[in-house]
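The values are calculated or read from the model by the stated rules, or taken from the named source; none is laboratory data. The structure displayed is predicted, hence computed values, not measured ones. Cβ sites come from the backbone with ideal geometry, for glycine too, and all protein chains shown count toward neighbours. Surface areas here come from the heavy atoms of the whole protein model, side chains and all, with no ligands, DNA or RNA. Shrake-Rupley method; radii C 1.70, N 1.55, O 1.52, S 1.80 Å.
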Amino acid sequence: MSDRNAVFLQEMGLGPLWQRRDNPGAVHPAPSAGALEAATVDDGLPVAPGFDAPPAQEVARMDWAQLQASVAGCVKCGLCHGRTRTVFGVGDAKARWLFIGEGPGRNEDLQGEPFIGQAGRLLDNMLAAVGLRRDENAFIANIVKCRAVDESGRDRPPTAEEAAACMPYLERQIALIQPTILVALGKTAALSLLGLDPDTPVSRLRGKVHEFAGRPLVVTYHPAYLLRSPAEKKKAWEDLCLATATYAAAD
Ligand code: URA
Ligand code: SF4
């Protein structure tokens, strides 16, 4: 393990790594003693009126540049009104790893890039811990490309309708990138991708490999949640281990 990786793991408050001797490139985490405890995540998904169905077939034929342009000018759901910039995603368009967050917050809306700030730094550390960087074998996208705010102007999770309106873009991103593995960051991403009941806790989705768009999907906590609940970082590390093992088996 490089000193750099050790520093990242320390930053995450996590344990040592071991490397497989027959494949030194593949980094695997040391097995952890902690069992998968139940955890409660209380960021519920509000429900709002529906919007017009997106022209999914059109989106499904777009190339990368057309898709970017289409997102930049999109008015398919109400989130278009409050946004400063759309946030298409960032990273390597040929990445084997696709990380999926919820949607842009205030800073992301201003800068047009996902996961800026403290949660972004933690995500970068999570990437580094499995040998990835934003621009190297990883792509970071969100369920919705525009910022969602409540009446007081605070960030809120997108509604199920907003998530559904935006989904064809993410589906096309997946079809074009062709990642080997998807990692859902937090409740909104996991529930939107898996079409699950808003009451499903992330804890119930961890520890197994799901599927989305014919690709393996691993669910973990959102970096912003991990900042609020640092004791859960150990579990996020276990999730990254599962994702790494799944990736190694699939690639
Ligand atoms: N949270 C997310 O889920 N996505 C971002 O891009 C920023 C914060
Ligand atoms: Fe379009 Fe998605 Fe933005 Fe809604 S959130 S306006 S569907 S890009």
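Pop the C-beta distance of Ala249 and Asp135 into the FRET formula with R0 = 22 Å and round what comes out to the nearest 0.05.
0.30
How large is ³J(HN,Hα) for each residue in the range 124-139, as worked out from phi by the Karplus curve 6.51 cos²θ - 1.76 cosθ + 1.60 (θ = phi - 60°), to whole Hz, x for Gly and Pro?
4, 5, 5, 4, 4, 5, 10, x, 10, 9, 3, 9, 9, 6, 9, 10
Students often check this: by mean Cβ neighbours within 10 Å, which of 134-144, 179-189, 207-217 ranks highest, and how do the rest follow?
For the peptides 134-144, 179-189, 207-217, the packing ranking is 179-189, 134-144, 207-217.
For the range 165-201, list residues with backbone N below 13 Å from a point placed 7 Å from the Cα of Cys80 toward its Cβ?
From the range 165-201, the list is 165-166.
Provide the FRET efficiency to the nearest 0.05 for the Lys208-Lys234 pair, computing r from the beta carbons and using R0 = 25 Å.
0.90
Debye sum, Cα scatterers, the range 111-160, no solvent: what log₁₀ I/I(0) at q = 0.21 1/Å?
The computed values of log10 I(q)/I(0) come out as -0.85.
Which whole-Hz couplings ³J(HN,Hα) result when phi for each residue of the range 222-237 is put into the Karplus expression 6.51 cos²θ - 1.76 cosθ + 1.60, θ = phi - 60°, listed in order with x for Gly and Pro?
Per-residue couplings from phi come out as 6, x, 5, 5, 5, 5, 7, 10, x, 5, 7, 4, 4, 5, 4, 5 Hz.
For Val149, enumerate residues with amide H under 5 Å from its amide H, sequence gap 5+ or separate chain, H modeled in the peptide plane.
For Val149, whose amide H was placed from the backbone, the distant partners under 5 Å are Arg156.
Going by Cα centres, the range 179-246 and the range 54-91 are how many Å apart?
Comparing the Cα centres of the range 179-246 and the range 54-91, I get a distance of 24 Å.
Convert each backbone phi in the range 178-191 into a coupling constant with the Karplus relation 6.51 cos²θ - 1.76 cosθ + 1.60 (shift: θ = phi - 60°), then list the ³J(HN,Hα) values in order as whole Hz, x for Gly and Pro.
So the Karplus estimates, Gly and Pro as x, are 6, x, 7, 9, 10, 10, 8, 9, x, 5, 4, 5, 4, 5 Hz.
Suppose a student asked you for the relative contact order of the range 146-251, using Cα pairs under 8 Å spaced at least 6 residues apart; what percent would you report?
Reported relative contact order: 25 percent.
Quick check on packing: order 218-225, 115-122 by the mean number of other C-beta atoms within 10 Å, highest mean leading.
Answer by packing, highest mean first, reads 218-225, 115-122.
So for Glu162, Glu151, Glu238, what's the accessible-area order with a 1.4 Å probe, most first?
Glu151, Glu238, Glu162
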